[in-house]
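The values are calculated or read from the model by the stated rules, or taken from the named source; none is laboratory data. Not measured: the values here are computed from a predicted model. Cβ placement follows ideal geometry from the backbone for every residue including glycine, while neighbour counts extend to all protein chains displayed.
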Amino acid sequence: MPRLDATRQQAVSVSLATGAYGLAFGALSVAAGLDVWQTMALGLLLFSGGSQFAFIGVIAGGGSGAAAVATSTLLGVRNGFYGIALAPFMRPMRPLTRAAAAQVTIDESTAVALAQPAEDVAARRVAFWWTGLGVFVAWNAITLAGALLGSAIGDPTDWGLDAAAAAAFLGLLWPRLASRRAQAVAAASAVVALALTPLLPAGLPILAAAAVAIAAGWRAPGEEVPQ
């Protein structure tokens, strides 16, 4: 069907574009002190780009493992709320299928699925699975390449990769800043993080910035998932 073909093409395009960031993640993860297997475990098990970059960012900055886990967890909580928006057209599912769906419920799979017409359940399901699985495969394959590359090139600062984590994170975040409210929350969080960076250990300014976003979301629980 033409609509489903177009949906698949959209999903593949998003998967390749998102997966490309895995190159920077793999290289930076190794540079932060993780080995290739640990880097791959983050991609396969955690599988949330923003959370993964936050984790290695805290580790690279000298933060504790607890701070890294707390930061990445706060960023990953949003994926659980996406299930509320996806549930109406994803049911019913068997337990194993539900577990697989939970693993690939990310920004991209949710956004592409919800971008399809609400009355076209088949298109929404195709968009979700093709995007989620596509990003999973592309992200982890390119992450492996980045981790192996990172092991070979030595000091990432010689190649400018020390700034790539922030750039890649911004690239993942930018499409979510469509509304003025989202832009205001992002700006307030950035100000808080910058103000606290000289005062607190690595990782804690990010947690404080996340608290700003959580407080803003708590006051506006009806805001829609980005599309």
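Please go through the range 4-15 and pick out each residue that is closer than 16 Å to T110 by Cα and touching a residue at least 60 places away in the same chain (Cβ under 8 Å).
Answer for the range 4-15, where residues must be closer than 16 Å to T110 by Cα and touching a residue at least 60 places away in the same chain (Cβ under 8 Å): T7, R8, Q10, A11, V12, V14, S15.
Has the range 170-179 got any residue that is within 17 Å of Y82 (Cα to Cα), surrounded by fewer than 18 Cβ atoms within 10 Å (Cβ to Cβ), touching a Pro at 6+ places or on another chain (Cβ under 8 Å) and at pLDDT below 80?
yes
Can you tell me which residues in the range 48-77 are under 18 Å from A186 (Cα atoms) and either free of Cβ contacts under 8 Å to residues at least 12 places away in the same chain or touching a strand residue (DSSP E or B) at 6+ places or on another chain (Cβ under 9 Å) (or both)?
Result: V77, single match.
Filter the range 1-52 down to the residues that are more than 26 Å from A152 (Cβ to Cβ) and among the β-branched types (V, I, T), then identify the one that is surrounded by the fewest Cβ atoms within 10 Å (Cβ to Cβ).
Step by step, filter the range 1-52, then rank; the result is V12.
Please give the number of the condition A138 fails out of (1) over 15 Å from L28 (Cβ atoms); (2) of a type in the set (A, V, I, L, M); (3) at pLDDT below 85.
The failed condition is (3).
When the range 49-96 is examined, which residues are found to be at pLDDT below 90 and among the basic types (K, R)?
Of everything in the range 49-96, those that are at pLDDT below 90 and among the basic types (K, R) turn out to be R78, R91.
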